[in-house]
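Peer 1: Here you go, one structure.
The values are calculated or read from the model by the stated rules, or taken from the named source; none is laboratory data. Because the structure is a prediction, the values reported are computed rather than measured. Cβ placement follows ideal geometry from the backbone for every residue including glycine, while neighbour counts extend to all protein chains displayed.
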Amino acid sequence: MTRPVLRDPQALPRIFFLLCAITLMWPMLILAQFQPMALFDASNREVMGNFLQQFFPPQLQTEFLHRIFKAVLETLAMATAGITLALVIAMPLTLGMTQSLSISRIGPANGYAMSQAGRYVVRLVMVVMRGIPEIVWALLFVRVFGLGPMAGVLAIAITYGGMLTKVYAEILESGNTQASRALFLAGSNRLHAFLYGLLPHTAQELASYTIYRWEAAVRASVVMGFVGAGGLGQLMDQSMKMLDGSEVSTILLVFLMLVFVADYVSWLIRKQLA
Amino acid sequence: MNTQPARQFCFHCVFNLIILSGLVIGSFIYLSFNPFKLLTGESIHLVAQYVARFFPPDVSSHFLLKVMKASLETIAISALATLIAMVFGLFLALPAAGWFGSLAKKITRFFLNFLRSVPELVFATLMVLAVGLGPFAGTLALLLHTTGVLGRLFGETLENHPITTNRALILSGASGPLAFLYGTLPGIVPQLISYTLYRWEMNIRMATILGFVGAGGLGQILYYELSLLHESQASTVIMVMLLLVIMVDFMSNTLRHGPARPLG
Amino acid sequence: MADGFELNQIDFTHSNGTIALQNLTLRADVGEHIAIIGPSGSGKTTLLNLLATAIRPQQGQLHILGVAPWSLSKSKLRHLRAAIGLIHQVPPLPPKQRVITAILAGKIGQWSSLKSVLSLLYPADIAGALHCLTQFDLGDRLFDRCDRLSGGQLQRVGIARVLYQEPKMMLADEPVSALDPVLSERTVQTLTHYAKDKNITFVASLHDVEIALKWFPRMVGLRHGQVLFDLPSGQVTKEHLHTLYASEMRGFSQEIPASAL
């Protein structure tokens, strides 16, 4: 047996790691302008305090509730329209992506190099679509097409189109190719084998993910309202700018209910699909 | 799975499909939005014109420096917020997992759900009100939302973790907190760190846009430049945002799956 | 009153309704060594858990080291528990924890909070932990992570932790179940020598009757939650053992509640 060690061998690397972490903390705190005392600054407290006090009771005037109702409909419409367009964009892109994979797994392919190149192009486009946050797209579209929900719909269409493509491609690539290979060997061309063999049993998973994304789109639609894309978000932005705490309180409550309902509906539909 | 034989006509499915199509078309109508109008030459021309204004991007060293600083600010916001949220989340995970009784559990879970549901941007507008413009508001906003997310995830991890190691220490006279440190924490730390890193990745993306409401970082510069119609500057910021996202994606993929897949 | 422990007419029923112990009476003085034997489901683990104050009897009086544990305040109970060392059947060690930390955890009930916390950053007593570990031929594994050890090694680390705790009463629930016969014998020997050295009460449940008879001066046979016999080892006969394990030898005609296994 070796001579007993009376020092902790892992102590040194640990101390080193700890020192590194501490050295990084300091510039991080400075860059983020971390001043917890600002929370307790007198004038800030007054503004915030007044604002929060207005939360009770929430604004329940009929006229305002009417506006909220319209805003909720607008938000839901934005999310639905956006996801629909996202689907329209995602379908051809997914096909483009999976061309060289799923389909080549079904049977021999020619033009492999071309389809590989095409795949990389699609991937690049998708990175741009997904990499730029939807609210940035929304802001840009507001500049082109003006204020209103259209900007939000397009923003969702692009970002979520990219997300749907990525996940659809993954679902399809991990699908069981047995049925499609059988069709191919029996004489149908590769595309048909893909459509009738692979698609049917992955359809449920695809649909399920789409509904899940719809739910996220509802929340995103609200957020985009803050840059002028309409819906509940725009209403909240306006109320906040006027420092009307009671209106904000109502909108927040309605928002939470909306998210809860969307969650539930999405869960219901996905259960039905299964 | 459909238990009916394949041949039978699925009225149920057709009915659902009709309702769904109705809702979809209804949405477009409600918004007075005809997507086919986008495909007209006029629309495309409009978009193309606008896009053209973004090139060439402004790459003057002066502006690049500004953007670099904003990027670091963004990363700092996300890192700090995630770190503090991890600590708060851990503390709240204990009652959320039922360690202090079922009333505490219900209250904590409700509170965490609230924090999770409110979007970061909404918190950001509130925080700007509370502490003024700048990255501190962004940090607080991210912190609040992330505490909700991590608190819930940590709570679930804790709840699913067996208490045998903890109990054994209690039986040897350890106090509750020490039994937690020595008995429970070592078992859950890997999972907690995994969740935290995953959340940090998402927070970096979030931190880039909180600036839209004045909470610092790249978003604040982007919003500012777009408002002044400085598209070439905005273009630079957007490219840097993209770059940041790609880098984070790449690093997280490498950490998880080893150096393999590049883009996407 | 017996100053090791004293159980009087103890009844214990599990939360699922199974009766684990019935009208059990058992006493021991300080420094006694007792082996508990009996078939699976006879209540050995329940008895040890009772002595360790892990569970509370529904009926009967219980005194450990001269005090009634369930009438104590929280902090006094913690104090009492620090003096009781329970070797669990399955070592309760977190896989990613290092052996050194796992062993030192034995004393966190006795150290100040500050010392316990600081020990996480740098181990407070490497020499002490090493001393306990070397008794089980595992000295070179002091800084390894627990998930790198085999089942038998882990069991010995669990035992080392209890030795490090320096309890005034030591309880062992099948302490050598994962060890081969030679190692089992050596380990039981180490434990009994330790208990004799420190003059502490030592109660162990064992499934190996040979080892029990060899190393323990007093044998208690448990069957269906009741004491079948409580004799000096020299007086335990084959008939006693036969009656004790009879149900097991008859095959699976007896329902053994899963919770008591």
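Peer 1: Restricting attention to strands (runs of 3 or more DSSP E) lying wholly within the range C:152-224, give those where 1 or more residues are among the β-branched types (Val, Ile, Thr). It would help to see each step written out before you state the result.
Peer 2: On the way: elements: C:169-173, C:201-205, C:218-223.
Correct list: C:201-205, C:218-223.
Peer 1: Could you tell me whether the range B:204-216 includes any residue that is among the polar types (S, T, N, Q) and more than 11 Å from chain A (Cβ to nearest Cβ)?
Peer 2: no
Peer 1: Residues that are modelled with pLDDT under 80 and of a type in the set (Ser, Thr, Tyr): list the helices (runs of 4 or more DSSP H) wholly contained in the range A:98-196 that include at least 1 such residues.
Peer 2: A:112-131, A:178-185
Peer 1: Still on this structure: Go through the range C:49-60 residue by residue and tally those that are touching a Phe, Trp or Tyr at 6+ places or on another chain (Cβ under 8 Å) and in contact (Cβ under 8 Å) with a residue 60 or more places away in the chain.
Peer 2: Going through the range C:49-60 one residue at a time, the tally reaches 1.
Peer 1: To continue, here is another question. Please work out which residue is surrounded by the most Cβ atoms within 10 Å (Cβ to Cβ), limiting yourself to the range C:12-48 and to residues that are free of Cβ contacts under 8 Å to residues at least 60 places away in the same chain and within 23 Å of B:ARG167 (Cα to Cα).
Peer 2: Only one residue fits best here, namely C:THR13.
Peer 1: I've got another one for you. Name the residues in the range B:115-142 that are on the phi < 0 side of the Ramachandran plot and over 15 Å from the mean Cα position of the chain (by Cα), would you?
Peer 2: B:THR125, B:LEU126, B:MET127, B:VAL128, B:LEU129, B:ALA130, B:VAL131, B:LEU133, B:PRO135, B:PHE136, B:ALA137
Peer 1: Among (1) within 14 Å of chain A (Cβ to nearest Cβ); (2) in contact (Cβ under 8 Å) with a residue 12 or more places away in the chain; (3) more than 30 Å from B:GLY151 (Cα to Cα), which single condition is B:GLY22 missing?
Peer 2: (2)
Peer 1: Residues to consider are A:GLN35, A:GLN53; find the one that is surrounded by 10 or more Cβ atoms within 10 Å (Cβ to Cβ) and within 30 Å of A:PHE255 (Cα to Cα). Full working, then the answer.
Peer 2: Details: A:GLN35 fails: within 30 Å of A:PHE255 (Cα to Cα).
One residue alone meets the criteria, A:GLN53.
One line per residue, one yes/no per condition, for (1) part of a helix (DSSP H, G or I); (2) more than 11 Å from chain B (Cβ to nearest Cβ); (3) closer than 18 Å to A:ALA79 by Cβ:
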{"residue": "A:THR202", "(1), (2), (3)": "yes, yes, no"}
{"residue": "A:ILE211", "(1), (2), (3)": "yes, no, yes"}
{"residue": "A:GLU215", "(1), (2), (3)": "yes, yes, yes"}
{"residue": "A:VAL222", "(1), (2), (3)": "yes, no, yes"}
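Peer 1: Now for a separate question. Could you check, for the range C:128-137, whether at least one of its residues is at the interface with another protein chain (Cβ under 10 Å from one of its Cβ atoms), in a loop (DSSP other than H, G, I, E, B) and either out of contact with any helix residue (DSSP H, G or I) (no Cβ under 9 Å at 6 or more places or on another chain) or modelled with pLDDT under 95 (or both)?
Peer 2: yes
Peer 1: I'd like to check something: does the range A:65-82 contain any residue that is away from chain B (no Cβ under 14 Å), loosely packed, with under 12 Cβ neighbours inside 10 Å and free of Cβ contacts under 8 Å to residues at least 60 places away in the same chain? Spell out the reasoning first.
Peer 2: Within the range A:65-82, the subset away from chain B (no Cβ under 14 Å) is A:65-68.
Keeping just the survivors that are loosely packed, with under 12 Cβ neighbours inside 10 Å gives A:66.
With free of Cβ contacts under 8 Å to residues at least 60 places away in the same chain added as a condition, the list becomes A:66.
Scanning the range A:65-82 turns up at least one residue that is away from chain B (no Cβ under 14 Å), loosely packed, with under 12 Cβ neighbours inside 10 Å and free of Cβ contacts under 8 Å to residues at least 60 places away in the same chain.
Peer 1: Looking at C:HIS63, C:HIS88, C:HIS79, which one is within 14 Å of chain B (Cβ to nearest Cβ), of a type outside the set (A, V, I, L, M) and touching a residue at least 60 places away in the same chain (Cβ under 8 Å)?
Peer 2: C:HIS88
Peer 1: Collect the residues in the range B:96-147 that are closer than 21 Å to A:ASP244 by Cβ, of a type in the set (Val, Ile, Thr) and without any contact (Cβ under 8 Å) to a residue 40 or more places away in the chain, keeping them in residue-number order.
Peer 2: B:VAL118, B:VAL122, B:VAL131, listed by residue number.
Peer 1: Looking only at residues in the range C:91-100 that are under 13 Å from B:TYR182 (Cβ atoms) and under 16 Å from the mean Cα position of the chain (by Cα), which one is nearest to the other protein chains (Cβ to nearest Cβ)?
Peer 2: Of everything passing the filter in the range C:91-100, C:PRO92 is nearest to the other protein chains (Cβ to nearest Cβ).
Peer 1: A further question follows. Sort through C:LEU72, C:LEU65 and tell me the only one that's modelled with pLDDT of 90 or more and over 16 Å from the mean Cα position of the chain (by Cα).
Peer 2: Step by step, each of C:LEU72, C:LEU65 is checked, and only C:LEU72 is modelled with pLDDT of 90 or more and over 16 Å from the mean Cα position of the chain (by Cα).
Peer 1: Which residue out of C:ASP3, C:ASP11 is at pLDDT below 95, in a loop (DSSP other than H, G, I, E, B) and acidic (Asp, Glu)?
Peer 2: C:ASP3 is the lone residue from the list that is at pLDDT below 95, in a loop (DSSP other than H, G, I, E, B) and acidic (Asp, Glu).
Peer 1: Across the range B:160-175, what is the total count of residues that are assigned to a helix (DSSP H, G or I) and either out of contact with any Phe, Trp or Tyr (no Cβ under 9 Å at 6 or more places or on another chain) or more than 8 Å from chain C (Cβ to nearest Cβ) (or both)?
Peer 2: 6
Peer 1: Which residues, counting only those in the range B:186-215, are more than 12 Å from the chain's Cα centre (by Cα) and without any contact (Cβ under 8 Å) to a residue 40 or more places away in the chain?
Peer 2: Matches in the range B:186-215: B:PRO186, B:GLY187, B:ILE188, B:VAL189, B:PRO190, B:GLN191, B:ILE193, B:SER194.
Peer 1: I would also like to ask the following. Suppose we filter A:MET163, A:MET129, A:MET240, A:MET150 for residues that are within 13 Å of chain B (Cβ to nearest Cβ) and under 13 Å from A:MET78 (Cα atoms); which single one remains?
Peer 2: A:MET150
Peer 1: Only one residue in C:GLU248, C:GLU210 is surrounded by fewer than 20 Cβ atoms within 10 Å (Cβ to Cβ), farther than 17 Å from C:ARG156 by Cα and modelled with pLDDT under 90. Which one?
Peer 2: C:GLU248
Peer 1: Follow-up. Looking at the range C:101-121, is at least one residue over 23 Å from B:LEU171 (Cα atoms), within 12 Å of another protein chain (Cβ to nearest Cβ) and in a helix (DSSP H, G or I)?
Peer 2: yes
Peer 1: Same structure again: Which numbered condition in (1) within 14 Å of chain B (Cβ to nearest Cβ); (2) part of a helix (DSSP H, G or I) is the only one that A:PHE55 fails?
Peer 2: Here A:PHE55 clears every test but (2).
Peer 1: Right, something else. Looking at A:GLY197, A:GLY233, A:GLY187 in this structure, which one is under 16 Å from A:GLU134 (Cα atoms) and either away from chain B (no Cβ under 14 Å) or under 26 Å from the mean Cα position of the chain (by Cα) (or both)?
Peer 2: Residue meeting the stated conditions: A:GLY233.
Peer 1: What pairs can you find where one residue is in the range C:161-183 and surrounded by fewer than 19 Cβ atoms within 10 Å (Cβ to Cβ), the other is of a type in the set (Val, Ile, Thr), and their Cβ atoms are less than 6 Å apart, with a gap of 6+ or different chains?
Peer 2: Going by the 6 Å Cβ cut-off, the qualifying pairs are C:LYS168/C:ILE200.
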